[in-house]
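Have a look at the structure below before the remarks.
The values are calculated or read from the model by the stated rules, or taken from the named source; none is laboratory data. Quick caveat, the model's predicted, so the values are computed rather than measured. Positions of Cβ are generated from backbone atoms using ideal geometry, with glycine treated the same way; all protein chains shown enter the neighbour counts. Areas reflect the complete protein model, heavy atoms only, side chains present, ligands, DNA and RNA absent. Shrake-Rupley method; radii C 1.70, N 1.55, O 1.52, S 1.80 Å.
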Amino acid sequence: MRRPILAANWKMNMNSAEVSAFTNQFIPLVANADEVDIVIAPPFTLLDRLANEIAGTAIQSAGQNVNPEESGAFTGEIAAGMLADMGCAYAIVGHSERRALFGESSEFVARKAAALLRHEISPIVCVGETLEQRDAGRALEVVETQLRESLAGVSGDQAEQVVVAYEPVWAIGTGRTATPEIAQEVHGHIRSQLSAQFGDAGNRIRIQYGGSVKPETVYDLMSQPDIDGALVGGASLDPIAFSRIVLFQSQRNQ
Ligand code: PGA
């Protein structure tokens, strides 16, 4: 069985007072959620503050991005070792906003994933097609290529530390969630690809769905055989909504 992983991607939102307000509400709500992994990816400036707030809980923190270099003259960038120093257990790489707005290629994403693994941080590797690509019948092919290229630097014994996030670009921030069936079709395809690349370890890699996940949609998504978690943007800024997503089992029939 794969352990569910529910992750908040706060993107470029929140300040230090808001982190404390969030955690004060959120932590008691998820105190008994011991069968899932809970991850929060705040902006870099709030990692230290978040680490203090979640100390002593099972909640883990994540970077939203990383630079693949170890150190040096890369103004404005953050290295994997710096995320490790902040206590991050995960970092998101290859988010579609970074691919589209900052021109990041899958090759670059692969270097980031490799850098994270060198520091024992689990990369959350995002892949997903645009609406245009889906309408052209190319969704599976696009996701397959992104995944193959983004995982090129991952060795067999590192595979289980990786998390994959399928985030159809047309569902991100649009309120338009993929149906559980559409998501499962892609997740199933990703699963076969991971198994082909990593053998048994591929079956243990967790695959999150992301794109307008809400408390009302999370249960049906999580009921699909290859959906092992969610990467949540908008709804994760609200401690009550995100707690309901973490407690997805109790959202049945809501
Ligand atoms: P959303 O964002 O939940 O606001 O659609 C998801 C993401 O971009 O990770």
**Asked** Quick check: is even one residue across region 101-122 open to solvent by less than 40 Å² (accessible area, probe 1.4 Å) and either within 17 Å of Gly233 (Cα to Cα) or within 12 Å of the ligand (Cβ to nearest atom) (or both)?
**Response** no
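Applying the selection to region 90-123, what residues are among the acidic types (Asp, Glu) and either within 12 Å of Val162 (Cβ to Cβ) or in a loop (DSSP other than H, G, I, E, B) (or both)?
Glu104, Glu120
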**Message:** So in region 11-26, with the set limited to residues that are open to solvent by 40 Å² or more (accessible area, probe 1.4 Å) and in a helix (DSSP H, G or I), which one is nearest to Gly233 (Cα to Cα)?
**Reply:** Glu18
**Candidates Ala178, Ala165 - the one that is assigned to a loop (DSSP other than H, G, I, E, B), under 25 Å from Val246 (Cβ atoms) and among the small types (Gly, Ala, Ser)** = Ala178
**Asked** Is there a residue in region 96-118 that is closer than 17 Å to Val186 by Cα and in contact (Cβ under 8 Å) with a residue 12 or more places away in the chain?
**Response** yes
**Item:** Criterion: out of contact with any helix residue (DSSP H, G or I) (no Cβ under 8 Å at 6 or more places or on another chain) and among the β-branched types (Val, Ile, Thr) - qualifying residue of Thr145, Thr130, Thr174
**Value:** Thr174
**Asked** Within region 143-150, is there a residue that is without any contact (Cβ under 8 Å) to a residue 12 or more places away in the chain, open to solvent by 60 Å² or more (accessible area, probe 1.4 Å) and not in a strand (DSSP E or B)?
**Response** no
**Asked** Is there any pair linking a residue in region 1-27 that is closer than 30 Å to Asp200 by Cα to one that is of a type outside the set (A, V, I, L, M, F, W, C) and assigned to a loop (DSSP other than H, G, I, E, B), with Cβ under 7 Å and at least six apart or on different chains, and which?
**Response** Arg2/Asp228; Pro4/Asp228; Ile5/Asp228; Asn9/Gln64; Asn9/Gly233
**Fill in**
When every residue in region 27-62 that is under 19 Å from Ala235 (Cα atoms) and of a type in the set (S, T, N, Q) is compared, the one least open to solvent (accessible area, probe 1.4 Å) is Ser61
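Touching a strand residue (DSSP E or B) at 6+ places or on another chain (Cβ under 7 Å) and over 21 Å from Tyr90 (Cβ atoms), is that true of Val186?
yes
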**Prompt:** So which residues in region 167-181 are surrounded by fewer than 20 Cβ atoms within 10 Å (Cβ to Cβ), under 16 Å from Asp220 (Cβ atoms) and within 7 Å of the ligand (Cβ to nearest atom)?
**Reply:** none
**Item:** Residue check, Ile207 of a type in the set (A, V, I, L, M), within 15 Å of the ligand (Cβ to nearest atom) and touching a Lys or Arg at 6+ places or on another chain (Cβ under 7 Å)
**Value:** yes
**Prompt:** Which of the following residues is more than 23 Å from Ser150 (Cα to Cα) and surrounded by 14 or more Cβ atoms within 10 Å (Cβ to Cβ): Met82, Met86?
**Reply:** Met86
**Message:** Return the residues of region 224-249 that are open to solvent by 70 Å² or more (accessible area, probe 1.4 Å) and either under 15 Å from Val164 (Cβ atoms) or more than 16 Å from the ligand (Cβ to nearest atom) (or both); say none if nothing qualifies.
**Reply:** Pro225, Gln249
**Asked** Of (1) under 22 Å from Lys214 (Cβ atoms); (2) surrounded by fewer than 21 Cβ atoms within 10 Å (Cβ to Cβ); (3) of a type in the set (Ser, Thr, Tyr), Ser155 satisfies all except one. Which?
**Response** (1)
**Request:** Residue by residue through region 195-217, note down the ones that are without any contact (Cβ under 8 Å) to a residue 40 or more places away in the chain, assigned to a helix (DSSP H, G or I) and open to solvent by less than 20 Å² (accessible area, probe 1.4 Å).
**Result:** Pro215
